[in-house]
Amino acid sequence: MAKRIFDITRTIDPQLAVWPGDTPFSAQVLLNMKHGDSVNLTTLTLSSHTGTHADAFFHVHPGGLTIDQMPLKAYIGPATVVTVRQQSGPLTPGDFPALDWSQVERLLVHSAASDLPPQQFAQDIVYPSPELADWLGRHGVLLFGSDAPSMDAIDSKTLPGHHALRSNGIAILEGLLLAHVPDGDYELIALPLKISGGDGSPVRAVLRAKK
């Protein structure tokens with residue numbers, strides 16, 4: 001029997017909320033078969049951090065890896081989905097008391113952000129504390145993913161969560177959609193586009209059930 005696949009990607013359309021001041025998504029139809037053209041052809045305008053996306057280390061550090069340099073192994077492989085009760089603020093290792101960290105390669109955090117309508121930007125979010133990032137690094141975690149739009153408080157200027165994850169070599173996924181996914185272990189596939197010098201990229205993120 002085929003294993004169940006969960007699509008954890010937010011649909012990109014003009015109503016999808018983006019970071020305040022960032023470029024909203026738009027699509028311009030250049031060729032249209034309804035008008036007699038031989039094909040349908042569209043030009044897309046969007047931010048590299050639209051919807052469900054990967055952050056490159058370059059996003060927060062001028063010497064960090066760009067998105068085309070990020071190791072692909074981070075975005076494919078075993079992943080653990082965990083729901084947190086905390087509504088906002090930094091997460092610490094204590095927020096994951098039931099986890100066997102020796103079995104966690106990629107941690108995906110499900111919070112209240114998954115329950116918001118797509119046109120509403122999440123303001124009060126959970127995010128990894130530097131303590132958690134260091135903990136993940138010591139346990140060999142390759143990727144931290146969240147349904148929130150950032151690894152830090154929305155008004156943060158110093159971005160300690162982003163920097164701590166980068167320092168530990170942990171890849172970042174933001175804007176996941178996990179409301180329909182039970183907690184547990186899966187296979188993650190969430191490849192970014194190979195954008196030369198890019199600071200991030202939208203991804204099509206899916207989880208494949210183990211059974």
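Readers should treat all values here as calculations from the given coordinates under stated rules, not as data from a laboratory. Not measured: the values here are computed from a predicted model. With ideal geometry, Cβ positions are generated from the backbone for all residues, glycine too; neighbour counts draw on all protein chains shown.
For the chain, the number of Lys pairs with C-alpha atoms closer than 29 Å, counting only pairs eight or more positions apart or on separate chains, is 9. With θ taken as phi - 60° and the Karplus curve 6.51 cos²θ - 1.76 cosθ + 1.60 applied, the whole-hertz 3J(HN,Hα) list for segment 195-201 is 9, 4, x, x, 8, x, 6 Hz, x standing for glycine and proline. Scoring 49-60, 97-108, 158-169 by mean Cβ neighbours within 10 Å over their residues and listing the highest first yields 49-60, 158-169, 97-108. Close amide H partners of A171, meaning residues 5 or more places away or on another chain with modelled amide H under 5 Å apart, are L143, F144. Counting other Cβ atoms within 10 Å as a rough exposure proxy, the listed residues M151, M70, M1, M33 run M1, M33, M70, M151 from fewest neighbours to most. The calculated 222 nm mean residue ellipticity attributable to helices in the chain amounts to -2000 deg cm²/dmol, summing -39500 (n - 2.57) over DSSP H runs of n ≥ 4 and dividing by all residues. Amide H to amide H, with H built 1.01 Å from N, A79 comes under 5 Å of Y186, E187, L188, counting only residues 5 or more places away or on other chains.
Backbone amide hydrogens, once placed in the peptide plane, bring A17 within less than 5 Å of Q119, Q120, excluding anything fewer than 5 places away on its chain.
Only beta bridges with both residues in the chain are counted; by DSSP, about 65 percent of them are antiparallel.
Using C-alpha pairs under 8 Å with a sequence gap of at least 6, the mean separation divided by the residue count of segment 88-211 gives a relative contact order of 23 percent.
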